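The values are calculated or read from the model by the stated rules, or taken from the named source; none is laboratory data. Quantities reported herein were computed from a predicted structural model and do not represent experimental measurements. Backbone-built Cβ (ideal geometry, glycine too); neighbour counts: all protein chains shown.
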Amino acid sequence: MAPLLLPADLRLSPEQFAAVCSANPQAVLELTAEGQLIHMTPTGGETGARNSRLLMRLLAWADSVGGWRLFDSSTGFHLPDGSVLSPDASLVRLERWQALTPEQRRSFPPLCPDLLVELASPGDAGPRGLTALRRKMAAYRANGAQLGWLLIPEQQAVEIWSRDGFGQPQRLQGATALEAGEHFPGLRLELAEIWEA
């Protein structure tokens, strides 16, 4: 299959983006608020293993407390600013999910997740590097996310992007666990098992 080649100045509406995704189901794509297409590459094995562990832990919590929907990295959310972004893992309150029409649920859900997690890949190059992921985290926060965790395995560090924090994210170095706080009671992520790959 030929690679997806796009002009640098191409700008798409969310509807055009959906059509491109339908025509290229094998491609992993995102759309910025300015309509620029981002072509994601597949993750490496370590990142994939970490993401699987992360999803299992979030699902166990969501199932135990009820009232939440968990989404993996293949889900694109149509954010209020017009972008379509796909966090590595995300949680949405069940009542927000159920308020969507069946058509909205089948397409890119038009909402920002309540909690999202991104896993940084080694190095800073490409759409999974720290610079690009920090832009995404800022976009999630600006679009209404309650909480975002940017996990940086190479540094065993976490950046916490909370809705209350309008400045820089809080950085935790060497923490052994993450507590999500009052909006997500009982949600605790053990970091040692995430750092292992």
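Out of region 4-33, which residues are more than 17 Å from Phe108 (Cα to Cα) and touching a residue at least 24 places away in the same chain (Cβ under 8 Å)? Matches in region 4-33: Leu4, Leu6, Leu10, Arg11.
Number of residues in region 45-60 that are loosely packed, with under 15 Cβ neighbours inside 10 Å and aliphatic (A, V, I, L, M) equals 3. Consider region 78-98 and keep the residues that are over 26 Å from Gln36 (Cα atoms) and among the charged types (D, E, K, R). The one that is nearest to the chain's Cα centre (by Cα) is Arg93.
Given Pro42, Pro7, which one is over 16 Å from the mean Cα position of the chain (by Cα), surrounded by fewer than 12 Cβ atoms within 10 Å (Cβ to Cβ) and not in a strand (DSSP E or B)?
Values: Pro42 fails: over 16 Å from the mean Cα position of the chain (by Cα).
Only one candidate passes the filter, namely Pro7.
Do you know which residues across region 91-106 are part of a helix (DSSP H, G or I) and surrounded by 14 or more Cβ atoms within 10 Å (Cβ to Cβ)? Passing the criteria: Arg96, Trp97, Gln104.
When the strands (runs of 3 or more DSSP E) confined to region 113-190 are screened for residues that are surrounded by 20 or more Cβ atoms within 10 Å (Cβ to Cβ), those reaching at least 1 such residues are found at 115-119, 147-152, 157-162, 188-190. The set of residues in region 159-188 that are in contact (Cβ under 8 Å) with a residue 24 or more places away in the chain and within 27 Å of His78 (Cβ to Cβ) comprises Glu159, Trp161, Gly165, Pro169, Ala180, Gly181, His183, Phe184, Leu187.
Scanning region 99-122 for residues that are more than 14 Å from Ala139 (Cα to Cα), of a type in the set (A, V, I, L, M, F, W, C) and within 15 Å of the chain's Cα centre (by Cα) yields Phe108, Leu119, Ala120.
Can you pull out the residues in region 63-80 that are out of contact with any helix residue (DSSP H, G or I) (no Cβ under 8 Å at 6 or more places or on another chain) and not in a loop (DSSP other than H, G, I, E, B)? Reasoning before the result, please.
Initially, region 63-80 is screened for residues out of contact with any helix residue (DSSP H, G or I) (no Cβ under 8 Å at 6 or more places or on another chain), giving 63-65, 71, 74-75, 77, 80.
Scanning region 63-80 gives Asp63, Ser64, Val65, Phe71, Phe77.
The lone criterion from (1) surrounded by 16 or more Cβ atoms within 10 Å (Cβ to Cβ); (2) at pLDDT 95 or above; (3) among the charged types (D, E, K, R) left unmet by Asp63 is number (1).
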